[in-house]
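Engineer: Input: one structure, supplied below.
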Amino acid sequence: MQAIGVAEQTLLQAVDSALEIRRPASGFVVRPADPPKPVLLPPWFLDRCRQIYLSVTFDDVTRIIGVTSALPEEGKTSVAIGVASAIASDTREPTLLLETAFEKPALARSLGIGPEGGLAEWLESGAQLRLARMPYLPQLVVMPSGAAHRDPARLLYRMSESNVLGQLTQRFRNIVLDLPSVLNVPYSSLAARLAERLVVVARHGVTNLDDLESVVFLLGRERVSGIVMNAADYRTPAWLRRLL
Amino acid sequence: MRKYIEVFFRFWVRFTILLLVAPAAAGATTVLMFPNYKAYSRLWVDSTSYFGASPTGWSQYLTPAQNESDSLNQLMSTRAFAIDLDARMKTALPDPAERGRALAAAGFQLGPLGTHLIQVSASCDTPSTCVALVQAGVDVLRDEQVQLEKDNAKAGIDFLNVQLTDARTQQQAAEDALQKYIVDHPGVKVDPAAASNGVEASRLLNDVTQARQRVTSIQDQLSRDQYIASVSTTLYQAGPRVLDAPAITRGGLIGDGASLKKAAVAAGAIFAVGFAYLVLLGWLDKTARDTREIEHRFNVRVVATIPRLNSVERIG
């Protein structure tokens with residue numbers, strides 16, 4: 001626990017460092033050491049993600065939304081980025097996008113940043129935590145899970161036992177968790193407990209309804225705030241769909 | 001429903017072929033391969049008022065054409081008609097198999113067109129067969145009708161003749177008994193008009209009178225029946241007269257619509273196969289596609305539907 005306590009200090013230092021507005025010296029421009037690749041999400045995509053977070057009601061002042069899915073490759077990382085971007089853009093409040101899929105990280109790759117210095121390394125050894133600020137959205141901070149870990153369940157257990165999220169909520173009013181997929185990751189239910197509200201991503205024409213039913217059952221219907229139909233590709237003409 | 005429509009549009013090329021193009025092609029091919037012709041003949045039925053008597057079975061409340069149609073339709077439904085028609089078609093269609101097919105598909109129709117006009121029609125795949133069929137059908141019907149009427153009349157007249165013979169025998173016996181009584185009683189006067197005849201004489205005289213009346217009655221009935229039979233037979237022999245000789249009324253691809261029916265069956269069969277395939281695909285698809293279905297099944301809202309990102313828009 002002591003180790004975690006020390007790590008929490010480094011965590012908050014890293015967060016404060018990430019949130020600090022650095023004034024460039026005259027004649028110089030501040031250039032982050034490892035800036036994330038700009039993510040150009042189309043406006044309509046952000047609008048749909050805005051729909052997601054606006055549809056979720058929260059009991060507390062702090063919003064902690066978990067984004068998960070039945071199986072991998074259903075688009076939960078894209079939706080998590082979109083939701084976090086929409087919240088940060090709309091509220092102008094410090095927003096954190098936190099990845100907890102330790103066994104198969106995708107966020108760092110999606111944002112084009114290196115895998116080292118992620119949440120996994122910090123939880124494992126208290127290594128220096130690297131946070132990334134999204135270009136054009138300085139209030140959005142990304143915390144990738146780092147390199148793939150051999151024992152992700154242990155890391156997540158440590159995370160859930162410590163007060164990491166509690167500390168983070170002191171700095172971030174909005175936290176979006178990119179959770180592991182439910183059916184193929186054994187510790188997914190543990191990860192899901194970190195979130196206050198859950199959103200399940202289902203890929204149109206890919207996600208099996210029985211799998212989706214299992215996910216809703218495993219997570220608990222009362223905790224699932226909604227399902228997101230991702231990559232919808234309807235072939236029925238819109239006017240006909242409206243009639244049906 | 002939404003699910004199956006989505007399946008249709010997802011595989012629209014496949015289902016356009018299966019549900020529209022293939023049935024249309026099958027229907028068109030069927031029409032081209034199985035042309036259909038229809039021949040008809042129109043017959044005139046004379047009014048019976050010229051003869052003062054009606055053929056047996058005719059209703060006074062129906063028109064001659066209706067009465068005649070009723071009789072002919074009943075005859076047409078008999079096996080005897082089919083056998084006679086087959087026999088009569090041997091010249092036109094010597095091949096028994098071909099003849100059997102033509103007769104089975106003929107679809108004879110007979111009905112009144114007015115008070116005195118009747119139309120007989122039949123369908124087949126060649127014009128000559130059609131005309132021959134209608135001609136043969138009319139001939140067979142008329143022959144059977146005349147024969148039936150003759151048979152009926154003969155049976156009735158034969159019965160009455162037997163009755164007449166019997167009555168005449170009884171009359172002769174009664175007269176002989178009376179004559180014998182007069183010979184045996186020379187003093188007795190028998191006067192048919194007198195009321196003072198003896199008891200026995202009166203009885204014998206009464207027997208003779210009754211026997212004569214019965215003979216007269218049977219003779220009257222026989223005469224009337226012979227007249228009616230004659231009239232009926234004459235009526236059937238004289239008519240119905242063929243006004244329009246058998247001719248092709250509609251021919252080619254459409255005919256009487258039978259080829260269209262076949263085309264509809266072929267098109268319907270292919271459509272059914274395509275539709276079954278669509279239902280099967282829809283039934284086998286257990287993936288999340290319909291937001292209403294998800295909400296109904298899991299009782300969880302679908303908070304957003306995000307369209308597919310194209311490759312340029314995709315992250316990473």
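The values are calculated or read from the model by the stated rules, or taken from the named source; none is laboratory data. Every value quoted in this text rests on a predicted model; they were computed, and no experiment measured them. Reconstructed Cβ throughout: ideal geometry from the backbone, glycine too, with neighbour counts over all protein chains shown. Heads up: the accessible areas ignore ligands, DNA and RNA and are worked out on the full protein's heavy atoms, side chains in. Shrake-Rupley method; radii C 1.70, N 1.55, O 1.52, S 1.80 Å.
Engineer: Please verify whether segment A:182-198 includes one or more residues that are within 14 Å of chain B (Cβ to nearest Cβ), surrounded by fewer than 19 Cβ atoms within 10 Å (Cβ to Cβ) and either polar (S, T, N, Q) or in contact with a His (Cβ under 8 Å, 6 or more places away or on another chain) (or both).
Structural biologist: The answer is no, given that none of the residues of segment A:182-198 is within 14 Å of chain B (Cβ to nearest Cβ), surrounded by fewer than 19 Cβ atoms within 10 Å (Cβ to Cβ) and either polar (S, T, N, Q) or in contact with a His (Cβ under 8 Å, 6 or more places away or on another chain) (or both).
Engineer: Of all residues in segment A:217-244, which are under 18 Å from A:P72 (Cβ atoms) and open to solvent by less than 40 Å² (accessible area, probe 1.4 Å)? Write out each step before concluding.
Structural biologist: Here is the first cut: in segment A:217-244, the ones under 18 Å from A:P72 (Cβ atoms) are A:218-219, A:227-231.
Matches in segment A:217-244: A:L219, A:I227, A:V228, A:M229, A:N230, A:A231.
Engineer: What's the number of the only condition in (1) at pLDDT 90 or above; (2) part of a loop (DSSP other than H, G, I, E, B) that B:V13 fails to meet?
Structural biologist: If we test B:V13 against (1) at pLDDT 90 or above; (2) part of a loop (DSSP other than H, G, I, E, B), just (2) comes out false.
Engineer: While we're looking at this one, here's another question. Conditions first: (1) touching a residue at least 40 places away in the same chain (Cβ under 8 Å); (2) within 20 Å of B:E295 (Cα to Cα). A:D210 passes all but one, so which condition is the exception?
Structural biologist: Only one criterion in (1) touching a residue at least 40 places away in the same chain (Cβ under 8 Å); (2) within 20 Å of B:E295 (Cα to Cα) is unmet by A:D210, namely (1).
Engineer: Which residue, of A:R193, A:R203, is in contact (Cβ under 8 Å) with a residue 12 or more places away in the chain and within 16 Å of the chain's Cα centre (by Cα)? Steps first, answer last, please.
Structural biologist: Numbers: A:R203 fails: within 16 Å of the chain's Cα centre (by Cα).
None of the other options fit; the residue is A:R193.
Engineer: Can you find even one residue in segment A:185-199 that is within 30 Å of B:F9 (Cβ to Cβ) and not hydroxyl-bearing (S, T, Y)? Can you show your working first?
Structural biologist: Going residue by residue through segment A:185-199, those that are within 30 Å of B:F9 (Cβ to Cβ) are A:199.
Those still in the list that are not hydroxyl-bearing (S, T, Y) too: A:199.
The answer is yes; a qualifying residue exists.
Engineer: Also, I was wondering about something else. Please verify whether B:F108 is open to solvent by less than 40 Å² (accessible area, probe 1.4 Å), assigned by TED's automatic domain parsing to the domain that holds B:L133 and of a type in the set (F, W, Y), treating the condition exactly as stated.
Structural biologist: Working: open to solvent by less than 40 Å² (accessible area, probe 1.4 Å): no; assigned by TED's automatic domain parsing to the domain that holds B:L133: yes; of a type in the set (F, W, Y): yes.
Judged against the criteria, B:F108 is not a match.
Engineer: Here's another thing I want to ask about it. What single numbered condition from (1) at pLDDT 80 or above; (2) open to solvent by 10 Å² or more (accessible area, probe 1.4 Å) fails to hold for A:V83?
Structural biologist: Every listed condition holds for A:V83 apart from (2).
Engineer: Test B:S217 against the stated conditions and say whether it is modelled with pLDDT of 90 or more, open to solvent by less than 80 Å² (accessible area, probe 1.4 Å), within 30 Å of B:T165 (Cα to Cα) and more than 14 Å from chain A (Cβ to nearest Cβ). Give the derivation first.
Structural biologist: On the way: modelled with pLDDT of 90 or more: yes; open to solvent by less than 80 Å² (accessible area, probe 1.4 Å): yes; within 30 Å of B:T165 (Cα to Cα): yes; more than 14 Å from chain A (Cβ to nearest Cβ): yes.
Against the criterion (modelled with pLDDT of 90 or more, open to solvent by less than 80 Å² (accessible area, probe 1.4 Å), within 30 Å of B:T165 (Cα to Cα) and more than 14 Å from chain A (Cβ to nearest Cβ)), B:S217 qualifies.
Engineer: Sticking with this structure for a sec: So which of A:A132, A:A108 is touching a residue at least 12 places away in the same chain (Cβ under 8 Å) and out of contact with any strand residue (DSSP E or B) (no Cβ under 6 Å at 6 or more places or on another chain)?
Structural biologist: Working: A:A132 fails: out of contact with any strand residue (DSSP E or B) (no Cβ under 6 Å at 6 or more places or on another chain).
Exactly one of A:A132, A:A108 is touching a residue at least 12 places away in the same chain (Cβ under 8 Å) and out of contact with any strand residue (DSSP E or B) (no Cβ under 6 Å at 6 or more places or on another chain), namely A:A108.
Engineer: Given (1) open to solvent by 10 Å² or more (accessible area, probe 1.4 Å); (2) modelled with pLDDT of 90 or more; (3) in contact with a strand residue (DSSP E or B) (Cβ under 8 Å, 6 or more places away or on another chain); (4) of a type outside the set (F, W, Y), identify the lone condition not met by A:I175.
Structural biologist: Among (1) open to solvent by 10 Å² or more (accessible area, probe 1.4 Å); (2) modelled with pLDDT of 90 or more; (3) in contact with a strand residue (DSSP E or B) (Cβ under 8 Å, 6 or more places away or on another chain); (4) of a type outside the set (F, W, Y), the lone unmet condition for A:I175 is (1).
Engineer: So, A:N230, is that one within 30 Å of A:L137 (Cα to Cα) and within 9 Å of chain B (Cβ to nearest Cβ) or not?
Structural biologist: Values: within 30 Å of A:L137 (Cα to Cα): yes; within 9 Å of chain B (Cβ to nearest Cβ): yes.
Considered against the rule, which asks whether it is within 30 Å of A:L137 (Cα to Cα) and within 9 Å of chain B (Cβ to nearest Cβ), A:N230 comes out as yes.
Engineer: Filter segment A:37-74 for residues that are facing another protein chain (nearest Cβ under 8 Å) and under 15 Å from the mean Cα position of the chain (by Cα); which is surrounded by the most Cβ atoms within 10 Å (Cβ to Cβ)? Steps first, please.
Structural biologist: Restricting attention to segment A:37-74, the residues satisfying the condition of being facing another protein chain (nearest Cβ under 8 Å) are A:39-42, A:44-45, A:48-49, A:51-52, A:55-56.
Now narrow it down to the ones that are under 15 Å from the mean Cα position of the chain (by Cα): A:39, A:49, A:52.
Working: A:V39: 20, A:C49: 28, A:I52: 25.
Only one residue fits best here, namely A:C49.
Engineer: May I pose another question? How many residues does segment A:101-126 hold that are open to solvent by less than 50 Å² (accessible area, probe 1.4 Å), part of a helix (DSSP H, G or I) and either within 14 Å of chain B (Cβ to nearest Cβ) or among the small types (G, A, S) (or both)?
Structural biologist: Adding up the residues that qualify gives 5.
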